[in-house]
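Report on one structure; see the data block that follows.
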């Protein structure tokens, strides 16, 4: 009898406990749902309703404090009280600490801001979004060491913010050596691109000395850097970088088109134009391969879209030599070569235009460089025509391009 009574009592207790627990869960769920519904409105009254329903949730204190800080700058005492309450309920939330640091910074309380900033970053040193906010906050505080420390993490772990971090470092720190010291080898290519884009020649040269050109990005970055050096007039450095990366050469690079042009630097460059196809021909060539240009016959093309930039000696005699082949080149304005000085744009040599059909034949162009010309452009050219038969068609092949110094 006692056994049955105890068993029945245990059953009643279990049922009561389950009922109480279920009621508690349901009540908590309803409260949580209601408070979230109020908070999602994003209004002061909504946040206050959420706080009254769920006074142990730190988020609502934080959201109300942020709302008041943004919309009502004169509510600083209540904002501070709300932030402190949020941290009292959730002392290890780094977002609350960084927001408190930002609040103190806005109010001119530098020491308190720096303390809150250190607490936030110590809690989550590997979170890029936090370190970005901390870095920007440190700029407002004028703490250059903190800017370097925080943005170094952003540079290492957040590619989307990396360029902005470089810009912030140069704006706030402005010390090339200190900035370069926090850039790892993995981020160095990105930093070099930034220096090139912002035209910092001296700093780019220093960074390049530390760069180890390996991997898939080597060619593109080298060409970008060489183009930058050329644009800045540093031809000697451009030549040195090209030789160090791709090998020694004089005159024309890849004149027999055995290699696919790299489209920049001291190799051949080309870009698209409507009505023209530029391609490397691996079947037809004076020896093995060639460059083929085809005109579709439906456009009056002003063609200047295949060229090479070549370092030379000023005040010297040269001969441009090459072989050409053509098929059905129409119009009086045919295909010709021109040579001009890179920086001045002065044309110093032009060949006779080629029209019609011709088998492989030699083309030579002697010219003399002026005293102020140490870089030339060799360019295939077809001038736009004002004649009735102005639409050009046909194909031309180029091979074995050389540049001899006849001095």
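The values are calculated or read from the model by the stated rules, or taken from the named source; none is laboratory data. For clarity, every value in this text was computed on a predicted model and none was experimentally measured. Cβ: placed from backbone, ideal geometry, glycine included. Neighbour counts: every protein chain shown.
A few remarks follow.
- The condition of being in contact (Cβ under 8 Å) with a residue 24 or more places away in the chain and surrounded by fewer than 16 Cβ atoms within 10 Å (Cβ to Cβ) holds for only one of 393, 385, 290, 362, that being 362.
- Residue check, residue 302 within 38 Å of the chain's Cα centre (by Cα), more than 21 Å from residue 267 (Cα to Cα) and not assigned by TED's automatic domain parsing to the domain that holds residue 229: yes
- Set side by side, the residues 167, 207 differ, and just one is crowded, with 19+ Cβ neighbours inside 10 Å, in contact with a helix residue (DSSP H, G or I) (Cβ under 8 Å, 6 or more places away or on another chain) and in a helix (DSSP H, G or I), which is 207.
- Residues of region 239-252 that turn out to be assigned to a loop (DSSP other than H, G, I, E, B) and buried (at least 21 other Cβ atoms within 10 Å of the Cβ), as a count: 1
- The selection criterion, being at pLDDT below 85, under 12 Å from residue 47 (Cβ atoms) and either in contact with a strand residue (DSSP E or B) (Cβ under 9 Å, 6 or more places away or on another chain) or in a helix (DSSP H, G or I) (or both), does not hold for residue 82.
- Any chance residue 224 is touching a residue at least 24 places away in the same chain (Cβ under 8 Å), buried (at least 17 other Cβ atoms within 10 Å of the Cβ), under 15 Å from the mean Cα position of the chain (by Cα) and within 25 Å of residue 152 (Cα to Cα): yes
- Within region 231-238, one or more residues are surrounded by fewer than 21 Cβ atoms within 10 Å (Cβ to Cβ), within 23 Å of the chain's Cα centre (by Cα) and either under 23 Å from residue 290 (Cβ atoms) or at pLDDT 95 or above (or both).
- When the test is whether a residue is surrounded by fewer than 18 Cβ atoms within 10 Å (Cβ to Cβ) and assigned by TED's automatic domain parsing to the domain that holds residue 297, residue 275 passes it.
- Looking across region 102-123, the residues that are in a helix (DSSP H, G or I) and more than 34 Å from the chain's Cα centre (by Cα) come down to 104, 110, 111, 112, 115.
- Scope region 79-102; condition surrounded by fewer than 18 Cβ atoms within 10 Å (Cβ to Cβ) and within 16 Å of residue 50 (Cβ to Cβ); matching residues: 89, 90
- Filtered by the rule that a residue be under 16 Å from the mean Cα position of the chain (by Cα) and exposed (fewer than 14 other Cβ atoms within 10 Å of the Cβ), region 178-196 gives a lone residue, 186.
- Number of the exception - residue 183 against (1) part of a helix (DSSP H, G or I); (2) in contact with a helix residue (DSSP H, G or I) (Cβ under 6 Å, 6 or more places away or on another chain); (3) modelled with pLDDT of 90 or more: (1)
- If only residues of region 153-163 that are under 17 Å from the mean Cα position of the chain (by Cα), touching a residue at least 12 places away in the same chain (Cβ under 8 Å) and not in a loop (DSSP other than H, G, I, E, B) are counted, the one that is farthest from residue 120 (Cα to Cα) is 163.
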